[in-house]
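Heads up: the structure comes next, in structure tokens.
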Amino acid sequence: MARAGLQLGLKQALGRVAAGAPVPVFAVAGQGAREHVQDLRLDGRLRLVDSPGAAMVLLIAGGLPDGLAEPLAHLHDSLPHPRATLWWPLGAGPATWPQQFVPTIETRDGVSETLQAIQRELLRGQRPGEPPILPDEDPVPWKGVGPYGQGGTGMTGGTPYGRPMAELGADRDGLRLDVLPLRIGPFFPRFPPGLTLDLKLAGDVIVDVAPVESPFAGAPPVGVCRAGARIFVDALSQPVPVAGLELARAREHLRWLADALVAVELGSLGSRVLRLAAELRTSDGDSIRTLGRALRRTQAIGWATNGVGRIPAAAVEGLGAGPIARAAGLPEDERTHDPAYSGLGFEPIVQRDGDAAARWRQRLGEAAQSLELAARAGDRRTVPTGSVESPRGRLDGEGNATARFLHLLPGVLQGLEWGDAVTTLVSLDLDFEEAVFAETARAGAVAS
Amino acid sequence: MTLEAVLVVAAALFGIGLYGALSQQSFVMLMMGLELMINGGILALAALWSRSAGGNPQGQMLGVVFMTVMAAEMSLGFALITSVYRVRRADITEKLRRLKG
Amino acid sequence: MNGLITDGVFWLFAVGSVVTAFRVFRTDSMMRAAFFLLASFAGVGGILALLGAEFLGMVLILMMAGEMLVMAIVMVMFMMNPAGLNPMWMVHQHRVAVVAGAGSFLALASLPFVVDLPDRPAPRPEEATAELGTELLGGSMLVFQTAGVTLLSAMIGAVVIAHRNGRFGEAEQGSLEPALEPPGEEKG
Amino acid sequence: MILLGPLGVALAVFVAAIGAALFVRLSGDLPRRPVPTTPERTPFAGGETPAVHAWNRYHARYYVMALVFLAFDMEMVFMYPWAVVFVREGGIAFVEMGMFITVLLLGVLYAWRERAFNWA
Amino acid sequence: MRDYASPGVAIVAVGAILVAGVYVLAVLDRLLGMIVAGTSIRLGALLAEPVQSGALLVLQERRTTERPDAAGWALAPALFGGLAAVALAMVPLDRDIVAADPATGFVVFSAAIAMVMIAIYLHGWSPNSAFALHGAYRYGAQALSFQIPFLLAMLATALPAESLSIVDIVDAQKSVWNVVREPAGLPLYLVVGVAVSFWGPLNLPDAADLAGGTVVEDSGLDRLLWKGARAAMLVAVAAMGAAVFLGGWWGPWLPGPAWVVLKTVALLVVLLASGHLLARVRIEQFVFVSWVLLIPLALLNVFVSGALLL
């Protein structure tokens, strides 16, 4: 009795202390939520974590298509007890996953406070932790099968403990060892939202890779277009101010940089970049140039990216792959066709190497260039031609650069060590959301 | 902790090592047996050095040599295992014999 | 009292070392087998330190940590079912091996009781490391240099035997063997 | 503990630290909890479930380096006692160890030339 | 016979220093992160945060995976913590304040560092999870590469002391600190020190690109113990660096232990700052640089400092 009482007292005392801790949140960014989720990093009351095991609350932001309901349920069940879920709709329609787990809230400031309140209640026992969503079923029935009831047969056969073992496969090294099939995504924190890859790994080297069709693609939007991409989608059908467009471009590049910095273990610097992006003015060109020097000193543009994921110009020629193509030396840019830009003396910046470092340099250079253009643009407006140069490349009613680039991904990633593959993938700045809204915009234009 | 006790422990390690080296089919497990035999050897050596040889530094030297031999043996042994696996895809001794014969 | 504690620690190490040594051949998981062997070495290292060969004991643990890590890595590479998800039992001539193991144990264990070993304890174990150093540079200089050459040949031998010179190019170029025909421009 | 000396104290600290950590971990499991369901025990792969066990014959791409390490690491065993008597022995110690290390470095040089330190 | 404390005192003292060290490290790391991020610093929140987050982890339940190696999973953080404790126990606070000073203290410390790779490999292997497994193998490559430069960088400090005892090594620095005697020693030691406790640029096993690597499946106490042990190891590395390179207790005005603490914190700041100011290194590159650059450099350091002694 006394021991139980002591335990309870200890638990309560710890709960009171822990209630003030930054809430460990695993955030899932759906449509319309990328910037909002990113900005949560600047909030000291929260801590965005990389794996569900580290989290206490699962935050679902924006709209998620039906196809993601099952992975989401798996993710939910992977959180340790006591856990909770919060849905932050950001203008999206009704959710398709079990409603009882998901209280919703609307405003930006409300999120952190609600998350804190949830954590407090969980820790004080005022709110029950959520039970699992999925039924307790083995992927394959295995119990009682095999000589020891472990589900396997022989030494390597069967499905011991519910899963088979990896099988042998050919390798460049001539050693026929196991090839591990692995499907990663769609909520892997280093991947862009919506990307899932079917990988085959021999050791830590990628032998084969195939992108799984994104649940975003081909489906109607389930949320609102995210703020950073909206102006580029709008520019497809209507004239927009060049200054606003260029400022948005610089901001998008910086937001990409903030994510890329997390991937090379420079999260604190990433927060600084994020703040710069949020408060970006046309006069901030010097800040970006300073940032570029800082990145060289930290070796983010250096040993972390040099020579990684080289994409030759020939491979991406004519794809409209934007910064990827320009980093490889191709001066492809939709803006050169826009009369609004010709008066501004616009010349695309290009790099030579085509590796991840070149893409980092390219985006920094373009961000600075965009600010200059925005400063000079006055009240010029773009001329809608049915295609726009978005921060990721050519955007038109057919799709965006990501959609066109995706089939090249296997060739780029094959043979890379996993860390290099992630560095490469991050440096590509894929975006599945942009295309969805571009298609909608075209459909809207046709309808009207 | 008498000298005899230590030597009995060393003998036990050697015996287990010998058992492993003779009984295991897999190359790597076989090498573990060899390692254990050397382990027993080092122990016996140190016991004799400490209790019976008056702390002759050559005893320690011999211990170091044992370790060196072990390292060289492992290095070359693993290299051979890799090579055999690469060329013949054999990871157990029987396979090698069958391929040879 | 002190003798008792020393004896207790010794037997702890001794039993631990022998039991883990035996477990090496009685576990399904290769990773466990390698680390059982490491535990056995660590036990022996402890006994060595108790015997006054402090340096030898500690250095044994230091070296074996690295070697057993490599052992684990190689074992996981080349053993089927490395984690022992299914039961593993890969032995041959088992009876012979048991007899040989037990026989060698009995023979060796009876030796110290049969042979009359001189009783000459090491006088100054705390000087052991320095004595080893002097021996290394003096009396056993040739052994020392021979060890160097042995290690060199082991290194070169290992590289020659184990390495495959990039027949299919460097690590950063594609991981599959090249196709018979030259690759197309862009294949999905 | 007199005979065991400082190493005995180190051992005591080691055992105590391991014991404390294991105790803390076990006491955290003290309140009985429901057994986690299979989906709750899925290894993390970004929301998807793995098709096979992660344990596999892992192709450690640095195995040649590991073999070179096995042999080269041994040099430390010789260097420790050497360092103790270095000042006492003087020049002879310098020359002998210099020879020994030069010989070993040849091995590293060879391994470098054979690209043993790159991913296989 | 060498100096040592009674086991009870040693356990309590090392435990207390360990916990305090981990707390100071957590605060320092957060502070440096805030400075780099440019966030406004609130002292109260800064000091409370490690305790609060720790309590949170205590209250979270442990996760497990489908078919883990449960014993290995339990043992790995404990082993790591135990090794950090042993490593820390070797560091003297003053000539006669030391938990244990074996004649081979230097080798004991090295053996503890070498065993760390076993703990991390075990931790990554045990959950039967792909990301954790990759983390384990990365640390394998990392450890096999930094091991030799680490030992060599430290070894040079034993030459002037003519002993492998840490107290003797510090004692021999009365007139000149080893950082002056062998200029390449400390930078080398710091580089590999970061690698040992896989911090910042060399955080390869628990890296962000593996969503946490070996720690990906851990939650609750598992995570707390692992992070704690890793921080403790960094503290031990910094403390040992302060002892063997920066003259330990030697210094004017202040008492010896104060100097040890000051020097340790200074080294900690350098080690932690690297985590916020340097990008992650690629593993293949690290292996290559270790063997081709760091090992020859460390050997050169040993021989040059040896030649200067003669």
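All of B:THR93, B:THR82 fail the test of being of a type in the set (S, T, N, Q), modelled with pLDDT under 85 and closer than 24 Å to C:VAL76 by Cβ, apart from B:THR93. Assessment of region A:14-27 against the conditions (of a type outside the set (S, T, N, Q), part of a loop (DSSP other than H, G, I, E, B) and within 21 Å of A:ALA227 (Cα to Cα)) yields no matching residue. The residues listed here are D:VAL52, D:VAL77; of these, the one that is more than 7 Å from chain A (Cβ to nearest Cβ) and among the β-branched types (Val, Ile, Thr) is D:VAL77. For residues in region A:27-50 being within 14 Å of chain D (Cβ to nearest Cβ) and without any contact (Cβ under 8 Å) to a residue 60 or more places away in the chain, which is farthest from E:GLU61 (Cα to Cα)? The selected residue is A:ALA27.
Just need a number here: residues in region A:326-358 that are closer than 26 Å to A:VAL412 by Cβ, touching a strand residue (DSSP E or B) at 6+ places or on another chain (Cβ under 7 Å) and of a type in the set (Gly, Ala, Ser). Selection size over region A:326-358: 0.
Taking A:ASP136, is it at the interface with chain D (Cβ under 8 Å from one of its Cβ atoms), surrounded by fewer than 16 Cβ atoms within 10 Å (Cβ to Cβ) and at pLDDT 85 or above? Here the answer is yes, as A:ASP136 does meet what is asked. In region C:4-23, the residues that are closer than 20 Å to C:ALA97 by Cβ and at the interface with another protein chain (Cβ under 7 Å from one of its Cβ atoms) reach residues that are assigned to a helix (DSSP H, G or I) and not hydrophobic (A, V, I, L, M, F, W, C) with C-beta atoms within less than 6 angstrom, at least six apart or across chains, in these pairs: C:ALA21/C:SER40. For beta carbons closer than 6 Å, sequence separation of 6+ or different chains, a first residue in region C:27-40 that is within 17 Å of B:GLY40 (Cα to Cα) and more than 7 Å from chain E (Cβ to nearest Cβ) and a second that is surrounded by fewer than 22 Cβ atoms within 10 Å (Cβ to Cβ) and among the charged types (D, E, K, R), the qualifying pairs are C:PHE36/C:ARG23.
Each row is one residue, and each column tells you yes or no for (1) within 21 Å of the chain's Cα centre (by Cα); (2) modelled with pLDDT of 90 or more; (3) buried (at least 24 other Cβ atoms within 10 Å of the Cβ).
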position	(1), (2), (3)
E:PRO102	yes, no, yes
E:VAL108	yes, yes, yes
E:TYR121	yes, yes, yes
E:TRP125	no, yes, yes
E:SER129	no, yes, yes
E:ALA141	yes, yes, yes
E:ILE169	yes, yes, yes
E:PRO183	yes, no, no
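Out of curiosity, is D:THR38 farther than 23 Å from C:GLY66 by Cα, touching an Asp or Glu at 6+ places or on another chain (Cβ under 8 Å), within 14 Å of chain A (Cβ to nearest Cβ) and modelled with pLDDT under 90? The answer is yes for D:THR38.
Among the residues of region D:80-104, those that are more than 7 Å from chain C (Cβ to nearest Cβ) and either within 18 Å of E:LEU164 (Cβ to Cβ) or of a type in the set (Lys, Arg) (or both) comprise D:ALA83, D:PHE86, D:VAL87, D:ARG88, D:MET97. For A:GLY44, are the conditions met, namely being of a type outside the set (Lys, Arg) and buried (at least 24 other Cβ atoms within 10 Å of the Cβ)? No; evaluated as a whole, the condition is false for this residue. Applying a threshold of 6 Å to beta carbon distances and a minimum spacing of six or more residues, or different chains, the list of pairs starting in region A:294-306 at a residue that is assigned by TED's automatic domain parsing to the domain that holds A:ARG361 and ending at one that is aromatic (Phe, Trp, Tyr) and not in a loop (DSSP other than H, G, I, E, B) reads A:ILE301/A:TRP360; A:THR305/A:TRP360.
For region D:41-67, which positions are assigned to a helix (DSSP H, G or I) and aromatic (Phe, Trp, Tyr)? Passing the criteria: only D:TYR63. Of the helices (runs of 4 or more DSSP H) lying entirely inside region A:385-448, those containing at least 2 residues that are more than 14 Å from chain C (Cβ to nearest Cβ) and crowded, with 24+ Cβ neighbours inside 10 Å span A:401-405, A:418-428, A:433-447.
Considering only residues in region C:137-152 that are assigned to a helix (DSSP H, G or I) and at the interface with chain B (Cβ under 7 Å from one of its Cβ atoms), the one that is surrounded by the most Cβ atoms within 10 Å (Cβ to Cβ) turns out to be C:ALA147.
Scanning region A:202-214 for residues that are in contact (Cβ under 8 Å) with a residue 40 or more places away in the chain and at the interface with chain D (Cβ under 9 Å from one of its Cβ atoms) yields A:ASP204, A:VAL205. So which helices (runs of 4 or more DSSP H) are wholly in region E:197-310 and hold at least 1 residues that are surrounded by 22 or more Cβ atoms within 10 Å (Cβ to Cβ), away from chain A (no Cβ under 14 Å) and in contact (Cβ under 8 Å) with a residue 24 or more places away in the chain? The helices (runs of 4 or more DSSP H) meeting that bar are E:220-244, E:256-277, E:295-309.
If the condition is being part of a helix (DSSP H, G or I), more than 7 Å from chain D (Cβ to nearest Cβ) and of a type in the set (A, V, I, L, M, F, W, C), then region E:62-108 contributes E:ALA70, E:ALA71, E:TRP73, E:LEU75, E:ALA76, E:PHE80, E:LEU83, E:ALA84, E:ALA87, E:LEU88, E:PHE106. Determine, yes or no, whether A:ALA217 is at pLDDT below 85, surrounded by fewer than 22 Cβ atoms within 10 Å (Cβ to Cβ) and away from chain D (no Cβ under 14 Å). Yes: the conditions hold for A:ALA217.
Candidates are the residues of region A:161-193 that are within 7 Å of chain D (Cβ to nearest Cβ) and assigned to a strand (DSSP E or B); the one that is nearest to C:HIS163 (Cα to Cα) is A:LEU177.
I'm trying to understand the selection: among the residues of region E:7-42, which are assigned to a helix (DSSP H, G or I), modelled with pLDDT under 90 and either surrounded by fewer than 18 Cβ atoms within 10 Å (Cβ to Cβ) or among the acidic types (Asp, Glu) (or both)? Answer for region E:7-42, where residues must be assigned to a helix (DSSP H, G or I), modelled with pLDDT under 90 and either surrounded by fewer than 18 Cβ atoms within 10 Å (Cβ to Cβ) or among the acidic types (Asp, Glu) (or both): E:GLY8, E:VAL9. Candidates in region C:79-119 are the residues that are surrounded by 19 or more Cβ atoms within 10 Å (Cβ to Cβ) and either within 21 Å of E:PRO68 (Cα to Cα) or β-branched (Val, Ile, Thr) (or both); of these, the one that is modelled with the lowest pLDDT is C:MET88. In the set (1) within 14 Å of chain A (Cβ to nearest Cβ); (2) surrounded by fewer than 23 Cβ atoms within 10 Å (Cβ to Cβ); (3) of a type in the set (Phe, Trp, Tyr), the condition left unmet by D:TYR63 is number (2). Please verify whether E:ALA211 is hydrophobic (A, V, I, L, M, F, W, C) and at positive phi, treating the condition exactly as stated. So E:ALA211 passes the test. With respect to the conditions (1) small (Gly, Ala, Ser); (2) within 23 Å of A:ALA403 (Cβ to Cβ); (3) surrounded by fewer than 15 Cβ atoms within 10 Å (Cβ to Cβ); (4) in contact (Cβ under 8 Å) with a residue 60 or more places away in the chain, A:GLY318 falls short on a single one, namely (4).
Does A:GLU334 satisfy being in contact (Cβ under 8 Å) with a residue 12 or more places away in the chain and in contact with a Ser or Thr (Cβ under 7 Å, 6 or more places away or on another chain)? Yes; evaluated as a whole, the condition is true for this residue.
The values are calculated or read from the model by the stated rules, or taken from the named source; none is laboratory data. The structure presented is a predicted model; accordingly, all values stated were derived computationally and were not measured. Cβ coordinates were reconstructed from backbone atoms using ideal geometry, including for glycine residues, and neighbour counts include every protein chain displayed.
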